[in-house]
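Asks: There's a structure below that I have some questions on.
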Amino acid sequence: MKVHVLGVRGSTPAPGHAFARHGGNTSCVAVARDDAAPSLLLDAGTGLRGLGALLGERPFRGALLLGHLHWDHTQGLPFSRAVDNDGAEVRVCIPDQDDGDAAIDVVRRAMSPPHFPIGPEELRGAWSFESLEPGEHHAGGFEVLALEIPHKGGRTYGYRVSDGRSAIAYLSDHGPAALGPGPEGWGPYHDTAMALAAGVDLLVHDAQHTAEELPARVGWGHSAADYPVRLAELAGAKAVLLFHHDPIRTDDEVDAIVERFAGARVPVTAAAEGTVIDL
Ligand SMILES: [Zn+2]
Ligand SMILES: [Zn+2]
């Protein structure tokens with residue numbers, strides 16, 4: 001499995017030289033079976049624009065799993081020539097909103113006039129939109145476990161993706177402190193987080209805050225960077241990729257957060273656009 005990191009920011013893009021090394025685009029990760037073209041996308045933040053170059057201008061064919069519907073996870077959708085393409089075949093899966101609306105109508109709430117000039121039905125290529133219930137699924141040639149995790153404002157899933165040999169967990173937006181303080185005040189290591197992270201080769205996880213910042217931001221739906229490091233140690237995950245960097249966090253500040261975990265029992269790095277992780 002190859003994990004292509006296309007967008008790493010949370011909340012809103014962060015342009016500018018102070019953010020250039022890790023990158024300013026919002027959440028998007030493309031997953032490929034070894035050397036094949038990526039067939040599974042996790043989220044469609046502005047990082048999705050980078051997929052065209054990654055695919056050598058070929059159209060994308062596969063599944064796009066949205067963890068939730070916030071802007072920083074959807075706004076790349078109409079701006080990627082790999083998916084808005086006559087040859088594209090895109091199966092979009094979103095968390096079931098439990099409100100009876102079809103998946104395409106949920107996407108349309110944010111993507112239609114007067115908010116945006118076109119609706120999802122005007123994207124070029126062959127598109128399907130579906131609501132996923134929690135549980136096990138097949139998508140883009142991978143086995144996928146989708147489970148609901150605490151965040152803020154709309155149902156949110158964490159995903160575990162496996163090709164049968166390697167596995168990653170993707171919890172881009174996760175606010176476990178909503179469930180209580182847990183042992184260190186960062187939130188409990190609840191059963192769902194443990195199930196998603198158990199034994200994975202790579203845990204891609206929300207690291208929006210520092211432990212010092214978290215007490216004033218508990219209601220925002222995100223994690224302290226310390227949480228995924230401890231979660232990985234407890235769940236037997238083999239490595240941590242800190243993800244969903246706060247848009248105010250400069251590259252040097254992200255590096256300083258990583259340095260805090262030099263003594264962790266698992267290797268910890270910070271997500272940077274353009275990197276490829278070979279598992
Ligand atoms: Zn987000
Ligand atoms: Zn969010």
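Asks: Do you know which of the residues in region 94-104 that are more than 16 Å from P78 (Cα to Cα) and modelled with pLDDT of 95 or more is surrounded by the most Cβ atoms within 10 Å (Cβ to Cβ)?
Replies: I94
Asks: Counting only residues that are within 30 Å of H209 (Cβ to Cβ), give me the strands (runs of 3 or more DSSP E) lying completely in region 73-190 with at least 3 of them. Break it down stepwise before answering.
Replies: Details: elements: 89-95, 126-132, 135-139, 142-148, 157-162, 167-171.
Passing ranges, in order: 89-95, 142-148, 157-162, 167-171.
Asks: Turning to a different aspect of this structure: Here is a list: R49, R21. Which entry is of a type in the set (K, R) and either within 14 Å of ligand 1 (Cβ to nearest atom) or not in a helix (DSSP H, G or I) (or both)?
Replies: Only one candidate passes the filter, namely R21.
Asks: Could we say that T12 is within 16 Å of ligand 2 (Cβ to nearest atom), hydroxyl-bearing (S, T, Y) and within 19 Å of E121 (Cα to Cα) here?
Replies: The answer is no for T12.
Asks: Considering A224, A256, which residue is small (G, A, S), free of Cβ contacts under 8 Å to residues at least 24 places away in the same chain and under 23 Å from P13 (Cα atoms)?
Replies: A256
Asks: Quick one: is A197 surrounded by 23 or more Cβ atoms within 10 Å (Cβ to Cβ), in contact (Cβ under 8 Å) with a residue 40 or more places away in the chain and among the small types (G, A, S)?
Replies: Considered against the rule, which asks whether it is surrounded by 23 or more Cβ atoms within 10 Å (Cβ to Cβ), in contact (Cβ under 8 Å) with a residue 40 or more places away in the chain and among the small types (G, A, S), A197 comes out as yes.
Asks: Quick check on this structure: which one of L123, L132, L65 is open to solvent by less than 30 Å² (accessible area, probe 1.4 Å), within 16 Å of ligand 1 (Cβ to nearest atom) and touching a residue at least 40 places away in the same chain (Cβ under 8 Å)?
Replies: L65
Asks: Restricting to region 68-85, name every residue that is polar (S, T, N, Q), within 15 Å of S128 (Cα to Cα) and open to solvent by less than 10 Å² (accessible area, probe 1.4 Å).
Replies: From region 68-85, those polar (S, T, N, Q) are 74-75, 80, 85; that's our starting set.
Right, trim to within 15 Å of S128 (Cα to Cα) and you get 85.
Across region 68-85, there are no qualifying residues.
The values are calculated or read from the model by the stated rules, or taken from the named source; none is laboratory data. Please read all numbers here as calculations on a predicted model, not as lab measurements. For neighbour counting, all protein chains shown are included, and Cβ atoms are generated from backbone atoms with ideal geometry for every residue, glycine included. Each accessible area value is taken on the protein alone, full model and side chains, heavy atoms only, with ligands, DNA and RNA left out. Shrake-Rupley method; radii C 1.70, N 1.55, O 1.52, S 1.80 Å.
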